[in-house]
Amino acid sequence: MTIDWQRLRIEGVYKQNEDGQLMLRTKVPAGVLSAEQAIKVADIADRFSNASVHLTTRGSIEFHWLQLGDLPEVLRLLAAVGLTSRGACGGAVRGVSCSTTFSEGFAFAQVLARKIHRHFAGNPHFEDLAKKFKVGVDAGYARSRHLIQDVGLVFLGTGDEGRDLYDVWLAGGLGREPQQAFLYAERITEAQIIPLIEAVLRLYRRHAPKGKRLKFVVREMGETTFRRLLEAERARGPAELELADAVEKRLTALPHGPRTIVEAAIFAGQLSTGALRGLAGIAERFADGYMALTADQNVAFLLCDSSGESEAKGALGACGFAGGAPEERVNFRICPGAHECRMGLAPTRDIARQALSIMGEGKMDLTWAIAGCPNSCAQPQLAEIGIVAVKKAPGADGVRRPLFDLYRRRSEGFGEKIAEQLDLEELLRAIQELE
């Protein structure tokens, strides 16, 4: 049987290797996952994968080592708990992310993220795009992830007329040609958001060559021309589409007393099914049945009662997340790399552990990221220390090994490249010398 691997991408599937194993990515809007969903994910990974899952920097969940024949059953089981992989890969609107987990305003951001997801996920008008299209909704400007979205929405608060207001940033992205998003509009209402995203998508579909993101379109035609065309495109559709709700629709807890957050640090986003079930139990006991998959590949809980903080932390420790190990102490975003991704040039988890062993106490408070290829899924340009495997080259012994670029971020924008094409030994030495 001939398999159309390109067509499979729209179902959230990538070919993992030449032996026929697959990766399946599942969308989790705003990263908010119920305990019931987490247990179902663990059941699926036990039956069809390797008893573990990978948490991504966009709050999605990846299964690895799947077989093609198992996909229908896996997708059926995900649908039973309201999860979908449709559009999680390929040319479609990807999972709607939120990097400001449990910050002030997250209650608004998570609801809007789910509304956007509901409108675009599986909608044939917005599939078969030239390349991926990423939307992020954030509760504020902290962490700057609005800069890497095709559409980045930043919640500003509720205006005088009782309408939620957002800044809109467009055409950001990382990969081989990183480009910061530009501020397109300030203080727009929630009702304007869906028509605006639709107009951007129509313009993108019309002008983007195959394999190119929105940032390429803007770079080629220029921001001024893009703005003019987008305004004309917006005029062809409705100016507003009301998204108002009759009742509160946040998923996470309504805390009794002060907002208290506890977090399990998941090294490299690699989570065993046993640990995931344990975290689901913590969500049920302490957080009204919900957890959040953070942009740092961790799992966070908004406690419904702050008096349970000590007990919740004890439960995390019993699950293996006491927080004392270097892998838990350092904020380290890590993609699967060569361990599980056919694009990976380097074994990212191994390199992270080597970096942890030599970085010293002074660097443990910094944010770190390692990307196993130039696609930069770990978002290294937004970490204080970013590492990107850029290519493989033969050494003196003729063996091809990965080379790395090193980034240092000190401001609100992208990190600056401070060294390039370092071999592993040179990279570790550069890490030791960093100030």
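Being touching a helix residue (DSSP H, G or I) at 6+ places or on another chain (Cβ under 7 Å) and either at pLDDT 95 or above or under 29 Å from Ser99 (Cβ atoms) (or both): is that true of Gln421 here? Answer is no for this residue. Close Cβ contacts (under 7 Å, 6 or more residues apart or on different chains) running from residues in region 230-252 that are of a type in the set (S, T, N, Q) to residues that are surrounded by 16 or more Cβ atoms within 10 Å (Cβ to Cβ) and assigned to a loop (DSSP other than H, G, I, E, B) are absent. Candidates Ala275, Ala208, Ala268, Ala264: the one that is under 30 Å from Asn375 (Cβ atoms), more than 20 Å from the chain's Cα centre (by Cα) and outside the structural domain of Leu183 (by TED's automatic domain parsing) is Ala275. Consider region 204-229. How many of its residues are touching a residue at least 12 places away in the same chain (Cβ under 8 Å) and assigned to a loop (DSSP other than H, G, I, E, B)? Looking only at that region, the number is 6. Cβ separations smaller than 6 Å between residues 6+ apart or across chains give no pair from region 152-181 residues that are over 24 Å from Gln110 (Cβ atoms) and acidic (Asp, Glu) to residues that are in a loop (DSSP other than H, G, I, E, B) and at pLDDT 95 or above.
Within region 295-304, does at least one residue satisfy the condition of being under 20 Å from the mean Cα position of the chain (by Cα), among the aliphatic types (A, V, I, L, M), in the same structural domain as Ala371 (by TED's automatic domain parsing) and crowded, with 24+ Cβ neighbours inside 10 Å? No, region 295-304 contains no residue that is under 20 Å from the mean Cα position of the chain (by Cα), among the aliphatic types (A, V, I, L, M), in the same structural domain as Ala371 (by TED's automatic domain parsing) and crowded, with 24+ Cβ neighbours inside 10 Å.
Scanning region 110-139 for residues that are modelled with pLDDT of 95 or more and small (Gly, Ala, Ser) yields Ala113, Ala130, Gly136, Ala139.
Within region 75-102, the set of residues being hydroxyl-bearing (Ser, Thr, Tyr) and over 16 Å from Arg7 (Cα atoms) comprises Thr84, Ser97, Ser99, Thr100, Thr101.
Tell me, which residue of region 339-356 that is aliphatic (A, V, I, L, M) and touching a residue at least 40 places away in the same chain (Cβ under 8 Å) is farthest from Trp65 (Cα to Cα)?
First pass over region 339-356, keeping only residues aliphatic (A, V, I, L, M): 343, 345-346, 351-352, 355-356.
Filter again for touching a residue at least 40 places away in the same chain (Cβ under 8 Å), leaving 345-346, 351-352, 355.
Numbers: Leu345: 18, Ala346: 19, Ile351: 22, Ala352: 23, Ala355: 27 Å.
The selected residue is Ala355.
Considering only region 389-418, state which residues are crowded, with 16+ Cβ neighbours inside 10 Å and assigned to a loop (DSSP other than H, G, I, E, B). Answer for region 389-418, where residues must be crowded, with 16+ Cβ neighbours inside 10 Å and assigned to a loop (DSSP other than H, G, I, E, B): Arg409, Phe414, Gly415. The residue list Ser49, Ser34 contains one member that is buried (at least 17 other Cβ atoms within 10 Å of the Cβ) and free of Cβ contacts under 8 Å to residues at least 24 places away in the same chain, which is Ser49.
Residues that are aliphatic (A, V, I, L, M) number at least 3 in the following helices (runs of 4 or more DSSP H) confined to region 1-93: 35-48, 71-79.
On the given criteria, is Leu201 in a helix (DSSP H, G or I) and either under 20 Å from the mean Cα position of the chain (by Cα) or at pLDDT 95 or above (or both)? Step through it out loud before you land on a result.
On the way: in a helix (DSSP H, G or I): yes; either under 20 Å from the mean Cα position of the chain (by Cα) or at pLDDT 95 or above (or both): yes.
Yes.
Residues in region 252-272 that are touching a Gly at 6+ places or on another chain (Cβ under 9 Å) and either assigned to a loop (DSSP other than H, G, I, E, B) or modelled with pLDDT under 95 (or both): Ala253, Thr260, Ala265. Among the residues of region 348-388, those that are crowded, with 17+ Cβ neighbours inside 10 Å, small (Gly, Ala, Ser) and more than 17 Å from Ile148 (Cβ to Cβ) comprise Ala352, Ala355, Gly372.
On inspection, Gln354 does not qualify as on the phi > 0 side of the Ramachandran plot and not in a strand (DSSP E or B).
The values are calculated or read from the model by the stated rules, or taken from the named source; none is laboratory data. Quantities reported herein were computed from a predicted structural model and do not represent experimental measurements. Positions of Cβ are generated from backbone atoms using ideal geometry, with glycine treated the same way; all protein chains shown enter the neighbour counts.
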